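What follows is a single structure, and I will ask about it in a moment.
Rule-based calculations on the coordinates, nothing more; no lab input. None of these values were measured; they are calculated from a predicted model. Note that each Cβ is placed from the backbone with ideal geometry, even for glycine, and that neighbours are counted across all protein chains shown.
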Amino acid sequence: MKKLFLLIAALTIVPPLYAQPAPPPAAGARVLSDGVVRKIDASNGRITLSHGPIANLDMPGMTMVFRVQSPTLLNSLKVGDAVKFHAENINGALTVTAIQAAK
């Protein structure tokens with residue numbers, strides 16, 4: 001009986017071994033996703049990215065075309081660059097609002 005009591009006490013004290021869900025990002029924080037530049041269409045303000053999951057859009061990895069919020073975001077990029085980027089759904093259009101070369 002004493003062993004059972006000790007086991008129950010130990011299980012209530014020890015933190016669970018399963019993974020805890022990560023807290024949501026703070027308001028205003030930008031979640032960056034990983035991607036690779038596949039095509040740049042600067043004249044139309046678009047970029048094609050092969051990307052991993054985009055957490056803030058609940059989107060799985062795929063290759064797709066995004067609008068860019070500002071054409072100047074494309075100035076330092078070239079096809080084949082690995083990037084970190086933030087995308088949002090702005091008025092129904094998936095739009096890259098920040099992008100930088102991955103380190």
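What distance in nm separates the simple spin-label points at Asn91 and Val31, each placed 7 Å from Cα in the Cβ direction?
Going from the Asn91 label point to the Val31 one covers 2.5 nm.
Another question, then. So, how do all the Cα-to-Cα distances of segment 30-101 break down into 10 Å bins, in percent, from 0 on up?
Values per bin, smallest distances first: 22, 63, 15.
Something else: Taking amide H positions as placed in the peptide plane 1.01 Å from N, state which residues far from Val83 in sequence (5 or more) or on other chains have amide H under 5 Å from it.
Gly35, Val36, Val37, Ala102
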